[in-house]
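Undergrad: Supplied in structure tokens, the structure appears directly below.
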Amino acid sequence: MSSATDGPRVRPALGRRAFVVGATAAAAGAALTGTARAAAFGWSDDGSNYVVDTGADLVFKVRKSNGDLSSLVYRGTEYQGYGGMNSHIESGLGSSTVTIRQSGTTILISVAYGTLRHYYAARSGENNIYLWTNKADTSVSATRYILRVRKGLFLNDEPDSYTYAPTTIEAQDVFRKSDGQTRSKHYSRLRVMDYNYIGWTTGSVGLWIVRSNHEKASGGPFYRSLLRHQSADGGGLYEILYYGQNQTEDQRFGLQGPYVIAFTDGGAPSSALFPGTLTTPWADSLGISGYVAASGRGRVAGVGISGRNTAHPYTVGLADSAAQYWGSARASDGYFSIGGVLPGTYTLTVFKDELAVYTQSVTVSAGATTTLNTIAVPSSNDPSNASAIWRIGDWTGTPRGFKNADLMTYAHPSDVRAAPWTGNVVIGSGSETSAFPCYLWKDVNSGIIVYFRLTAAQAAAAHTLRIGVTTAYANGRPQVVVNDTWTSAIPAPPTQPNTRSLTNGSYRGNNHTFTYSVPASAWLTDTGAYNTLKIHVVSGSGTTSYLSAGTAIDAIDLLA
């Protein structure tokens, strides 16, 4: 799995290059403002478009009929467009009311389409475009902004590219190269909290989208969705406003932004543009629909979190039906601070990795900080604290450490790089977790066997078996058989997303623990013999192979 510490992934210096960067990567050498040139800051009307010159190196056009970004010229090179399409909200809004006005050193273009409002802002001397989108309801389909980029300007043969992958293997959006590696626009590797920006660089020119704070998005800090793609026609960079695939939350409405289209001299965009860092007091009086200035927001701060397992990172999230926020807890003591929060009452959740271990209610007021005393996580809230005879994996809310788990955030399960999905596991071998597949499917590896021994005292007692999962496809869930003599009931399916997940780079769903009360009569009394636990995937849904019913494993243990 990618993380914020992965840093830049830079191709060898062979001309054009591409990379994606996580949240803590250094934004080296990139200034917020561009290099001034002779042209003056201002705008004009060419009849079909409003034309904005930032007074730096960037000139862009917005179509007056529909609000499309129809031209994006940086240092004389046109970057916008492929396949005859412009850059825009969703696949384009259609006939809209588009207006423009200049307020000192800021130019704002406003787009009105039904109940939706979209905005482009330019600042004098900057090579940036600031964008906001206000989706008020479901009457307008607006789940993304896509920046379409002409072919040949940047090289990308990363997992989210399919330029060199001619064979379609799933749903017209997953492809296989001739060497057996798989490609898809879904294979970004990254969770929302892992990145601040997405884009490409040639070494001398960088083109990026810096994401917004996602306060009106859904899915929380660990959500994964497509961020970037490149095909033979060109490339696309995305700001995902709401993405329904493998989604765990309802859609939120309201203003999202700003997110920023940024050009640089090849380096990363300035950290001053990052979510959590960017301030826009210059936008306070522009009349942007749904805009709330910094003075109308509050902060939540916690002095610490006790009861943590310090081997794991902790994240604190805030969420209600209208907004979501998150922040990292300090490793030394669990201190956290989450700013820029809209007033309201939120559910505060403490996550150990991606596993919720504590919740409480917290109220935020405008212009104030809600300070919380040390949060004590009860020992019983972390399933890792339960005494176990044996355990496969750890309780983190992720399949981390299991076979193929890292690969599955950027590849299809059929990828040539994947280790065999079959193979049984012996407790005590030292490789229990790395040998156990991160995903189980009804049609692929159902019936995998775990071998283990019990002492006489252990075999004389009933025990609880737990299987933790992070998501499921087509209602796949585990039914277990012990020593071919005791079979569990088929558990009810928990609530999970109803779209693809395991094949498009995401294990993130709703964490759930299945528990099975295994009677003493099920165990072997010979302490030298191996007991067997068979784990089957059951469901009446799904199709075949990797689209058969399946589930992602968090941890498996037999309690003492």
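The values are calculated or read from the model by the stated rules, or taken from the named source; none is laboratory data. Computed from a prediction, not measured in an experiment: that's the story for all the values here. Here Cβ is always computed from backbone atoms with ideal geometry, including for glycine, and neighbour counts include all displayed protein chains.
Undergrad: For segment 337-364, which residues satisfy the criterion of being surrounded by 15 or more Cβ atoms within 10 Å (Cβ to Cβ), β-branched (Val, Ile, Thr) and closer than 25 Å to Thr277 by Cα?
TA: Those that are surrounded by 15 or more Cβ atoms within 10 Å (Cβ to Cβ), β-branched (Val, Ile, Thr) and closer than 25 Å to Thr277 by Cα: Ile338, Val341, Thr349, Val350, Val362, Val364.
Undergrad: Among the residues of segment 313-331 satisfying the criterion of being outside any strand (DSSP E or B) and free of Cβ contacts under 8 Å to residues at least 60 places away in the same chain, which is nearest to the chain's Cα centre (by Cα)?
TA: Checking each candidate, the answer is Pro313.
Undergrad: While we're on this one: Assigned by TED's automatic domain parsing to the domain that holds Tyr50, within 22 Å of Tyr238 (Cβ to Cβ) and of a type in the set (A, V, I, L, M): does that describe Ala112?
TA: Numbers: assigned by TED's automatic domain parsing to the domain that holds Tyr50: yes; within 22 Å of Tyr238 (Cβ to Cβ): no; of a type in the set (A, V, I, L, M): yes.
No; evaluated as a whole, the condition is false for this residue.
Undergrad: Considering only segment 115-195, give the strands (runs of 3 or more DSSP E) lying wholly within it that have at least 2 residues that are over 24 Å from Ser212 (Cβ atoms).
TA: The qualifying strands (runs of 3 or more DSSP E) are 167-170, 174-176, 182-184.
Undergrad: May I ask you to say which residue of Ser306, Ser188, Ser225, Ser270 is in the same structural domain as Tyr145 (by TED's automatic domain parsing) and either farther than 24 Å from Gly327 by Cβ or over 16 Å from the mean Cα position of the chain (by Cα) (or both)?
TA: The match here is Ser270.
Undergrad: Looking only at segment 66-88, decide whether some residue is hydrophobic (A, V, I, L, M, F, W, C), touching a residue at least 60 places away in the same chain (Cβ under 8 Å), farther than 15 Å from Ile209 by Cβ and in a strand (DSSP E or B).
TA: Step one: of segment 66-88, the residues hydrophobic (A, V, I, L, M, F, W, C) are 69, 72-73, 85.
Okay, now just the ones that are also touching a residue at least 60 places away in the same chain (Cβ under 8 Å), so 69, 72, 85.
If we keep only those that are farther than 15 Å from Ile209 by Cβ as well, we get 85.
Right, trim to in a strand (DSSP E or B) and you get 85.
Yes, segment 66-88 has at least one match.
Undergrad: Going residue by residue through segment 385-392, is there one that turns out to be under 21 Å from His512 (Cα atoms) and of a type in the set (Ser, Thr, Tyr)?
TA: Yes, segment 385-392 contains a residue that is under 21 Å from His512 (Cα atoms) and of a type in the set (Ser, Thr, Tyr).
Undergrad: Asp284 - would you say it is within 24 Å of Gly344 (Cα to Cα), acidic (Asp, Glu) and free of Cβ contacts under 8 Å to residues at least 12 places away in the same chain?
TA: yes
Undergrad: A follow-up question, please. Could you list, ordered by first residue, the pairs with Cβ atoms under 6 Å in which the first is in segment 192-218 and within 29 Å of Lys151 (Cβ to Cβ) and the second is assigned to a helix (DSSP H, G or I), at least 6 apart or interchain?
TA: From segment 192-218, the pairs are Asp194/Ala4; Val210/Leu273.
Undergrad: Related question: For segment 62-76, give me the residue count where each residue is under 12 Å from Val205 (Cβ atoms) and acidic (Asp, Glu).
TA: Number of matching residues: 0.
Undergrad: Additional query: Taking the condition of a type outside the set (Lys, Arg) and under 23 Å from Asn511 (Cα atoms), does Ile375 pass?
TA: yes
Undergrad: Out of segment 87-101, which residues are farther than 21 Å from Gly287 by Cβ and surrounded by fewer than 21 Cβ atoms within 10 Å (Cβ to Cβ)?
TA: Within segment 87-101, Glu90, Ser91, Gly92, Gly94, Ser95 qualify.
Undergrad: So, one more: Which one is surrounded by the fewest Cβ atoms within 10 Å (Cβ to Cβ), of the residues in segment 191-213 that are closer than 18 Å to Gln324 by Cβ and in contact with a strand residue (DSSP E or B) (Cβ under 7 Å, 6 or more places away or on another chain)?
TA: Met193
Undergrad: Are any of the residues in segment 190-204 under 23 Å from Ser87 (Cβ atoms) and of a type in the set (D, E, K, R)?
TA: Checked segment 190-204: no residue is under 23 Å from Ser87 (Cβ atoms) and of a type in the set (D, E, K, R).
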